[in-house]
Amino acid sequence: MPQGGVHMAAEKRERYEESELYRIRHSAAHVMAQAVMEMFPGQAKIAIGPPIEDGFYYDFDLPRPLTPEDLEVIERRMREIISGHHSYERAVLTADEAREMFADQPYKIELIEGLEEGGTDEYGEPIEGPVEISIYTQDTFTDLCRGPHVEDTNKINPDAVKLLNVAGAYWRGDERRPMLQRIYGTAWKLADELEQYLWRLEEAQRRDHRRLGKELDLYSISDAVGPGLILWHPKGGMVRKIAEDYCRAQHLEGGYEFVYSPHIGKANLWEKSGHLDWYQEGMFAPLDIEGQQYYLKPMNCPFHVEIYKSRTRSYRDLPLRYAEWGTVYRYERSGVLHGLLRVRGFTQDDAHLFCRPDQMPEEIDGALQFSLNILRAFGFEDFQAYLSTRNPEKFAGEPEEWEAPTEALRESLERAKLPYQVDEGQAVFYGPKIDIKLKDALNREWQLATIQFDFILPERLDVTYVGEDGKEHRPYMIHRALLGSMERFMGALIEHHAGAFPVWLSPVQAVLIPIADRHIEYANSVGDQLKKAGLRVEVDARGERMNAKIRDAQLQKVPYMLVIGDRELEDGAVSVRLRSGEDLGAMPIDDFLNRAEEDVQARR
RNA sequence: GCCGACGUAGCUCAAUGGCAGAGCAACCGCCUUGUAAGUGGUAGGUUACGGGUUCGACUCCCGUCGUCGGCUCCA
């Protein structure tokens, strides 16, 4: 929740915290808390219940787990309370008065202590300025709350409120504290807006990459193999291959060289690199090979460093840019795995840049621009940039050493005129970084590109170059991945295009649909002709009706459907239908080819 | 990892303690079709896995694995 402000971002939105919708949702949360209190008289312990994007939640400590039926009961009761037209009354108390009032509410007591002593808010974050302890009362329910609220429950539209689900949540977000039950709800001004929101949720599910991955036969995850380990099917494999081929070509143009490295390395390597000190919990258990311990690699950097160190490097060799589609394995706790977006084995489009200190700004700028260009080529426009700073509990080196590199990244962001936010304490152990994140269909943010400044590993692994002065110098190192991991990127790509990949990426670009068996031979010859021209086509020669074939191609989101019947056979043509439903009518094969090639060239 | 829900045919889902089923997909036919599902038949199951209760378990109980929604984490 607490994050640095957006830098250079346009101030286009009204501040949510000051909107009426915010107050409606906040007030709805209080109504919900009242309903839950009534359901468990004297037993319900209440925690906090803020508005969130699109809704609100409230956390409770209850004598038993809530069921979906409970939610219906609570929701019904909420409507009754809302219809009772109760006003929200604010009052200010002293800490002692508040303690007395909430004597049987331990979580509230803890909040009161925080307000009184430390000036910390409900998330445990420090508050600036003097703190007032305020309460809000509606009907029979009083909550410790800083507000604001609507004046009266009649400002809440009972037909625009809905409870969505129950989930566990730690008190104060701390996994050592009790697990509470969180009820999520949504509230709007108009019933229509609620409808639209629920429709949006359904729409999001329809473009969920896990669902599309199955429907479009792109990938699977097999219990027999293991959770978080992806099996790419031919169609998904084709999309991935095209994406990789494109990126490889771009890398060659961008002055990168390709290297390859193994999947495991000796324990000693990971000790020297610092991974076993800082990152062991993210690594799989070691393998014992002839008495030597080996680890599956969670990152590629130590290997690339070894390649660099395989001979003496001159200042004239720099910068060196080593790129590898490197498959890494990271232990992720079972509860966090999520389709393609959070996995245990993935392939990074990784690269390590070694440069002289004076080359650093240019290299960062280059990597940042490269990253933006590539993401745009795949159709992504709406991404968020973050600058992650030193994690005070997990960093190598000295705090002062982090200042200049962090500034270097910040300056590069400013030069790129890219709006960004500061992610305090989110850096990697070896240096600050710039991340580029995208939102998935369900509005969750995922990191794709990352550009990481590293001034630690070169030292730990004793990386040097010989300078003009004939002496050894320490190079700087940048770790960067543009798409991040191919798995996550593919997940994002699927959701971004809702499975309807641009023509250049579509695994099957055209399906030829012969109307009757007598058209199959011609369809095959047209198919061969298109394949020769470099298109990915299939001939649907099943004994189905044309309508069924169109429907299937449509559901597979194939860009072009080429219908072939007597007329086309006669004229040496194809009838082109687009997946938008548009019927372009019959055209000579060459005309279709030109159109398709244009679409591919334009990466449409 | 934690809290909760869930796990039945390739997929989507029925069967609330008494004979494991449907649609789609697959396979074999028939139909030869003009822009989103033609039609008949056949086959398909250790009900995730292991244990328990019961005359009898898909169904109830316990454990394991996995999935989903959150939380924590996310180099």
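The values are calculated or read from the model by the stated rules, or taken from the named source; none is laboratory data. Nothing here was measured: the structure is a model prediction, and the numbers come from that model. No Cβ is skipped: glycine too gets one built from the backbone with ideal geometry, and neighbour counts run over all protein chains shown. Note: areas computed on protein heavy atoms with side chains; ligands, DNA, RNA excluded. Shrake-Rupley method; radii C 1.70, N 1.55, O 1.52, S 1.80 Å.
Annotations for the structure displayed:
- Segment A:Glu53..A:Ala224, full-extension length gain: 57.7 nm, with 0.36 nm per residue of separation and the alpha-carbon distance subtracted.
- Of the chymotrypsin sites (Phe, Trp or Tyr not before Pro) found in the stretch A:86-127, those that fall in a DSSP loop while having at most 14 other beta-carbon atoms within 10 Å are A:Tyr123.
- Carbon plus sulfur fraction of accessible area for chain A, probe 1.4 Å, in percent: 47
- The distance from the alpha carbon centre of the stretch A:256-334 to that of the stretch A:466-500 is 15 Å, rounded to a whole number.
- Modelled FRET efficiency - R0 35 Å, A:Leu584 with A:Trp199, Cβ distances, 0.05 increments: 0.65
- Compactness of the stretch A:496-539 - radius of gyration and Dmax, Cα, Å: 12.3, 40
- For the stretch A:57-150, a simple Cβ point-charge model (Lys and Arg +1, Asp and Glu -1, everything else neutral) yields a dipole of about 420 debye relative to the Cα centre.
- The stretch A:183-275 - charge dipole about Cα centre, Lys and Arg +1 at Cβ, Asp and Glu -1, debye rounded to 20: 280
- Accessible area per residue, Å², the stretch A:16-204 with all protein chains present, probe 1.4 Å: 49
- Report note on the peptides A:475-486, A:330-341, A:383-394: ranked by the mean count of other C-beta atoms within 10 Å, highest first, their order is A:475-486, A:383-394, A:330-341.
- Residues in the stretch A:85-122 reached by a label modelled at A:Glu132 [backbone nitrogen below 18 Å; 7 Å Cα→Cβ]: A:88-99, A:112, A:115-117, A:119-122
- Judged by the mean number of other Cβ atoms found within 10 Å, the most tightly packed of the peptides A:281-290, A:156-165 leads the ranking A:156-165, A:281-290.
- Kirkwood Rh (inverse of mean 1/r, distinct Cα pairs), the stretch A:16-204, angstrom: 16.9
- Kirkwood Rh, angstrom, the stretch A:360-468 [1 / mean 1/r, Cα pairs]: 14.8
- Net charge contributed by nearby residues that have their C-beta within less than 14 Å of A:Glu89 (K/R +1, D/E -1): -3
- Summed residue charge, Cβ within 15 Å of A:Arg172's Cβ, Lys/Arg positive, Asp/Glu negative: -4
- All lysines inside 24 Å of A:Lys108 as judged from Cα atoms, apart from same-chain residues fewer than 8 positions distant: A:Lys45
- Spatially near lysine pairs across the stretch A:222-490, Cα under 21 Å, sequence gap of 8 or more or different chains: 13
- Per-residue Karplus couplings for the stretch A:18-34, computed as 6.51 cos²θ - 1.76 cosθ + 1.60 with θ equal to phi - 60°, are listed in order as 9, 7, 5, 4, 4, 5, 4, 5, 4, 5, 4, 4, 5, 4, 4, 4, 4 Hz, Gly and Pro entered as x.
- In terms of the mean number of neighbouring beta-carbon atoms within 10 Å, the peptides A:228-237, A:308-317 order highest first as A:228-237, A:308-317.
- Difference of contour (0.36 nm per residue) and Cα-Cα distance, A:Arg15 to A:Glu72: 17.3 nm
- Neighbours of A:Gly185 by Cβ distance under 11 Å: Lys/Arg scored +1, Asp/Glu scored -1, total +1.
- Compactness of the stretch A:222-490 - radius of gyration and Dmax, Cα, Å: 18.2, 59
- The lysines whose alpha-carbon is closer than 19 Å to the alpha-carbon of A:Lys189, local same-chain residues fewer than 8 away aside, are A:Lys155, A:Lys162.
- Euclidean distance of C-alpha centroids, the stretch A:539-582 and the stretch A:179-251, integer Å: 28
- With 0.36 nm allotted per residue and the present C-alpha distance subtracted, the A:Asp517-A:Asp566 stretch has 16.5 nm of extension available.
- Ellipsoid equivalent to the stretch A:259-346 - semi-axes via the Cα gyration tensor, in Å: 26, 18, 11
- Theoretical ellipticity at 222 nm over chain A - DSSP helices of four or more residues, -39500 (n - 2.57) apiece, nearest 500: -10000 deg cm²/dmol
- Expected-Rg normalisation [2.2 N^0.38 Å, Cα atoms] applied to the stretch A:510-601: 0.96
- Intensity falloff of chain A expressed as log10 I(q)/I(0), Debye formula with alpha-carbon point scatterers, at q = 0.06, 0.07, 0.10 Å⁻¹: -0.44, -0.60, -1.06
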